[in-house]
Every structure is written in structure tokens, then in C-alpha cells.
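Visitor: Before I ask anything, here is the structure I am working with.
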Amino acid sequence: MSRSNPLKLLLLSTPVGAIGSGLGGGVELTLTNIARSLILLNHSVTVIAPEGSVLDGIPLVPIAGNLQITAQSQGRDALITLPANSVLGNAWNYARQVQHEYDVLINFAYDWLPFYLTPFFERPIAHLVSMGSLTDAMDQIIAQVAEQFPATIAVHSLAQAETFSFRDRCFNLKNGFDLSQYQFNPTSKNHLAWVGRIAPEKGLEDAVAAVDQTGIPLKIWGVIQDEAYWNHIQASYPNAPLDYCGFLSTQDLQKALGESRALLMTPHWVEAFGNVAIEALACGVPVIAYRRGGPAEIVQAGKTGWLVEPDSVAGLVEAISKLEQIDRAECRQQAEREYSLEAIGERLEIWLDRIVQSQDL
Ligand code: UDP
């Protein structure tokens with residue numbers, strides 16, 4: 001896979017956490033994989049990310065400054081805020097100065113500033129929107145960009161696009177993974193898995209309620225973003241068979257996750273995609289998820305997992321009882337077919353070509 005006119009691309013990471021910290025959620029891995037996919041396609045890639053970021057083998061410009069507060073922790077009428085010495089402001093100031101060295105800038109930040117700045121830049125900015133509609137201010141500014149630069153907005157799922165008024169202008173990039181990093185595990189131990197940021201929108205308590213009923217141990221991996229929420233879950237289900245295993249690197253996570261009977265995905269929001277679904281499938285682990293958001297577009301019910309009535313613990317328990325019907329090899333095959341670096345590479349080419357062509361008009 002290579003292309004005749006390689007592009008010079010500047011990727012700007014999320015300002016809510018360094019790559020490798022877990023605070024940036026799925027965006028950290030998404031950016032890493034997209035960078036790898038673009039390099040496979042012969043494009044040249046430079047990444048701008050908060051200081052402390054780790055990115056093996058990809059040129060990285062670390063940016064100092066204070067992190068953004070995550071958008072999902074605020075209400076719909078939340079104001080736009082920036083801390084003093086903002087890493088977001090610093091990153092875009094740097095990008096403004098070096099923009100002429102690049103053909104396209106790709107924004108991974110779900111923040112107001114990069115959208116607002118788009119018309120002021122001379123180089124095109126591609127925006128990969130990582131979450132569904134959360135605040136009125138964000139909706140408004142993304143809609144303005146979608147109106148003025150229609151080719152530039154990409155999302156991870158149709159369900160995510162549906163949350164926005166400009167749904168028809170969104171390019172569905174889905175996601176892609178370096179599947180060589182995930183080993184297929186044909187057998188499992190008895191436990192179930194839950195992987196993600198431990199924060200209210202991710203709905204961990206439902207998975208805990210399900211294992212409280214079934215007695216099957218639940219291993220949990222991820223950054224504890226909201227300590228009070230985590231303490232509340234533990235206090236509410238004192239006898240649930242829980243095992244919190246910390247935040248692991250992809251290499252260690254895939255090994256441990258691969259031993260699980262299934263991954264439970266129980267988000268209470270419209271999950272834009274759900275990286276962990278593909279990571280599980282890549283290891284041969286079936287996914288049990290609510291029929292809502294990105295996971296509902298990923299899981300093939302009865303083949304690579306089960307889709308459950310949203311917010312139904314009884315539904316989760318029933319799906320757990322039907323896990324024997326799922327063939328783990330099918331799970332790996334689905335990841336290879338739809339979510340490899342090559343698969344997202346084809347989608348990236350279409351998106352970027354449209355942006356470059358609309359620029360030439
Ligand atoms: N993750 C990780 N180590 C862990 C637990 C999670 O690296 O121990 C990563 C996981 O690989 C995934 C991200 O955390 O990329 C969670 O992303 P997801 O898209 O599932 O949800 P988000 O956090 O973006 O809402």
C-alpha cells in the first residue's frame with residue numbers, strides 16, 4: 001500500500017493528557033494508530049502532543065503547558081475554558097508558525113479553539129471528532145466548520161454523527177489498529193473483563209451489578225479518572241467479585257485481556273467508537289455491549305458477541321449465559337477484516353484526498 005503523492009501531515013493530539021498516560025482515553029491509541037497507518041501509506045507524519053508523551057518511532061514535538069479539563073465532565077451549557085499557559089493554546093501557536101511545512105494539519109482535540117482557528121489558518125485543518133455532542137458551544141463551533149469546510153469533519157461511527165446537526169457532512173472513519181500487537185488467544189480463563197477510564201459516562205456499575213448476580217469474577221483495567229465514583233461502586237457492591245488490575249500498556253493489556261471470557265461494555269453515553277471493543281476482538285475475546293453508539297456498529301450479535309438492551313443488567317446477565325455460542329476465531333477475523341491499519345488507511349486516503357481536492361478548487 002503506497003501512494004503516488006505522499007502528503008506532509010501534522011497531527012495535533014488531545015490536550016487533556018500525554019500520550020501513554022491514559023488520561024486522553026481512546027484518542028491516545030487512535031492517534032498512534034492513525035500515525036502508523038499514514039506512515040505505511042508513505043506519508044510523512046509529525047505529531048504534536050503534551051510533554052511526557054511517548055510515541056515509539058514517530059517524530060514527536062512535545063509541548064509544555066497546563067492540560068485541558070475533559071469536556072465530558074461538564075454540562076451542556078458549559079463555558080469554553082482555558083487554563084493559564086494552556087498546552088492547547090501553545091500547541092496551536094506552534095502549529096500556526098510551522099503550518100507552511102505541511103499539506104494538512106489533523107486535529108484530534110475535542111476543543112473549541114482548533115475549530116475556531118480553522119478559518120484563520122492558511123493550511124487546511126482536518127478534524128477527527130472523538131466524541132458525540134456534549135455541549136452547545138462545541139456543537140455550534142463544529143457546525144460552523146462543517147458548513148464552511150464540508151470535507152474536513154470525520155467521526156468514528158454513524159451513531160456519533162447522529163448526535164450532531166451536521167450529521168450528513170461527517171466522514172465515517174471508524175478506527176484501525178496495529179493488529180500485530182494483539183495476539184489471538186483461542187482459550188479463556190473464567191473471568192470477564194471491563195476496560196476503560198473509570199468515570200461515570202463509562203457505566204462500570206452496570207458490569208459490576210451483572211457479576212454481582214452471576215458470581216463470575218470481573219477484572220477491570222483503566223485509569224481511575226473519578227476516585228469518588230469508583231469508591232461509590234465498591235461501597236454499593238461490597239461482595240461483587242472485582243479485581244482492579246490498574247492501567248497497562250497495550251502490550252501487557254492485550255495479554256491479560258486475551259485470557260478473558262468476554263469484554264463487557266456498558267457505557268451510559270453514546271460511545272463514539274469504543275477502541276476496547278476492537279482490542280478485545282483482536283485477542284479473540286467476544287464483546288457484550290449495549291445496543292447504542294459505536295459498539296452497536298461493531299459487534300455482530302451472535303457471531304462476535306451480544307448486543308443488549310441499553311442499561312439492562314438483566315440483559316447483560318442473559319448475554320453472559322450465551323457466551324458459549326461465540327467462536328473466538330470469528331472475533332479475531334472481524335478485527336482483521338474491518339479494523340486493521342490497512343483498512344483504516346483506505347478510509348484515511350479518501351478523507352484526506354477530499355480535503356486536498358477541495359483546497360485546490
Ligand atoms: N487502555 C489502556 N490500558 C488500560 C486500559 C485502557 O491502554 O489498562 C486504553 C485502551 O487501549 C483504549 C483506551 O484506553 O485505547 C480507552 O478508549 P475507548 O475508546 O474505549 O474509550 P474512551 O476512553 O475514549 O472513552
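Visitor: Given the conditions (1) farther than 30 Å from Y229 by Cβ; (2) away from the ligand (no atom under 15 Å from the Cβ); (3) not in a strand (DSSP E or B), report the number of the one that D56 does not fulfil.
Guide: (2)
Visitor: OK, next. Please list, ordered by first then second residue, the pairs with beta carbon atoms under 8 Å, 6 or more apart or interchain, first in region 244-264 and within 16 Å of I288 (Cβ to Cβ) and in a helix (DSSP H, G or I), second near the ligand (Cβ under 8 Å from one of its atoms) and not polar (S, T, N, Q).
Guide: From residues that are within 16 Å of I288 (Cβ to Cβ) and in a helix (DSSP H, G or I), the pairs are L257/V195; L257/W221; L257/E279.
Visitor: Still on this model: Identify, by number, the condition in (1) closer than 27 Å to N172 by Cα; (2) in a helix (DSSP H, G or I) that E324 doesn't meet.
Guide: It is condition (1) that E324 fails.
Visitor: Any chance region 115-125 includes a residue that's closer than 23 Å to L23 by Cα and among the aliphatic types (A, V, I, L, M)?
Guide: no
Visitor: How do the pairs read when you match residues in region 337-361 that are under 20 Å from Q181 (Cβ atoms) with residues anywhere that are surrounded by fewer than 19 Cβ atoms within 10 Å (Cβ to Cβ) and of a type outside the set (S, T, N, Q), using Cβ under 7 Å and keeping only pairs 6 or more apart or on different chains?
Guide: Taking only residues 6 or more apart or on different chains, the pairs are L341/L40; L341/D178; E342/M1; G345/M1; G345/L40.
Visitor: Which of the residues that make up region 276-297 are open to solvent by 20 Å² or more (accessible area, probe 1.4 Å) and either part of a loop (DSSP other than H, G, I, E, B) or not small (G, A, S) (or both)?
Guide: Correct list: V276, R291, R292, E297.
Visitor: Among the residues of region 126-173 satisfying the criterion of being in contact with a Cys (Cβ under 9 Å, 6 or more places away or on another chain) and among the aliphatic types (A, V, I, L, M), which is surrounded by the fewest Cβ atoms within 10 Å (Cβ to Cβ)?
Guide: L158
Visitor: Which number in (1) out of contact with any Gly (no Cβ under 8 Å at 6 or more places or on another chain); (2) away from the ligand (no atom under 16 Å from the Cβ) marks the one condition that M131 misses?
Guide: (2)
Visitor: V87: of a type in the set (A, V, I, L, M, F, W, C) and open to solvent by 60 Å² or more (accessible area, probe 1.4 Å), yes or no?
Guide: On the way: of a type in the set (A, V, I, L, M, F, W, C): yes; open to solvent by 60 Å² or more (accessible area, probe 1.4 Å): no.
Answer is no for this residue.
Visitor: For residues in region 222-252 being within 8 Å of the ligand (Cβ to nearest atom) and open to solvent by less than 20 Å² (accessible area, probe 1.4 Å), which is nearest to L128 (Cα to Cα)?
Guide: So the residue we want is G222.
Visitor: Under the condition of being open to solvent by 10 Å² or more (accessible area, probe 1.4 Å) and either under 18 Å from D178 (Cβ atoms) or touching a strand residue (DSSP E or B) at 6+ places or on another chain (Cβ under 8 Å) (or both), which residue from region 253-264 is nearest to the ligand (Cβ to nearest atom)?
Guide: Going through region 253-264, the residues open to solvent by 10 Å² or more (accessible area, probe 1.4 Å) turn out to be 253-256, 259, 261.
With either under 18 Å from D178 (Cβ atoms) or touching a strand residue (DSSP E or B) at 6+ places or on another chain (Cβ under 8 Å) (or both) added as a condition, the list becomes 253-256, 261.
Working: L253: 5, Q254: 9, K255: 11, A256: 9, R261: 18 Å.
Selected residue: L253.
Visitor: Suppose we filter I106, I34, I63 for residues that are over 26 Å from D139 (Cβ atoms), in contact (Cβ under 8 Å) with a residue 12 or more places away in the chain, crowded, with 18+ Cβ neighbours inside 10 Å and not polar (S, T, N, Q); which single one remains?
Guide: So the residue among I106, I34, I63 that is over 26 Å from D139 (Cβ atoms), in contact (Cβ under 8 Å) with a residue 12 or more places away in the chain, crowded, with 18+ Cβ neighbours inside 10 Å and not polar (S, T, N, Q) is I63.
The values are calculated or read from the model by the stated rules, or taken from the named source; none is laboratory data. Just so it is clear, the model here is predicted, and its values are computed rather than measured. Cβ atoms come from the backbone with ideal geometry, glycine included; neighbour counts cover every protein chain shown. Quick note on the areas: whole protein, heavy atoms, side chains included, nothing else; ligands and nucleic acids left out. Shrake-Rupley method; radii C 1.70, N 1.55, O 1.52, S 1.80 Å.
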